[in-house]
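Trainee: So that we are looking at the same thing, I have put the structure below in structure tokens.
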Amino acid sequence: MCDGASVLLHVRCGGCAKLYQQTVILPAGQGVPRDGDELMEYPEVRNANFQCPKCEAPYAEIVAFKVRETNRAA
Ligand SMILES: [Zn+2]
């Protein structure tokens, strides 16, 4: 069973080019993205509020991601 997944995004700041990480939670029952194209189909990802920890720019480019499924013991 899938109870949703947390996706760790590796992003590059659009302002100062700093690399940082941000986690997005995907709701249960929507599966998990397998590649970048699928990742961008999730509104939770497209609408994620990025904020660079260095320059606070709200825009960033996703350079990589890692899915961490949250499996809850029944
Ligand atoms: Zn920045």
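Bear in mind that the values in this text are calculations on the coordinates, not laboratory data. Treat the numbers as computed from the prediction; the structure is a model and nothing was measured. So basically every Cβ, Gly included, is an ideal-geometry build from the backbone, and we count neighbours across all protein chains shown.
Trainee: Could you list the trypsin sites (Lys or Arg not before Pro) in region 4-74 that lie in coil according to DSSP, counting only those with at most 12 other Cβ atoms within 10 Å of their Cβ?
Mentor: Qualifying residues, ordered by number: R34, K54, R72.
Trainee: In sequence order, what are the phi-derived ³J(HN,Hα) couplings for region 49-65 according to the Karplus relation 6.51 cos²θ - 1.76 cosθ + 1.60 with θ = phi - 60°, rounded to whole Hz, with x for glycine and proline?
Mentor: Values, residue by residue: 8, 7, 8, 5, x, 9, 10, 6, 5, x, 10, 7, 10, 7, 9, 6, 8 Hz.
Trainee: Enumerate the amide H contacts of K18 below 5 Å, restricted to partners 5 or more residues apart or on another chain; note that Pro and chain-start residues carry no placed amide H.
Mentor: C13
Trainee: Also, I was wondering about something else. Starting from the Cα-Cα distance between I25 and E56, subtract it from 0.36 nm times their residue separation and give me the gain in nm to one decimal.
Mentor: Extra length available between I25 and E56 comes to 9.0 nm.
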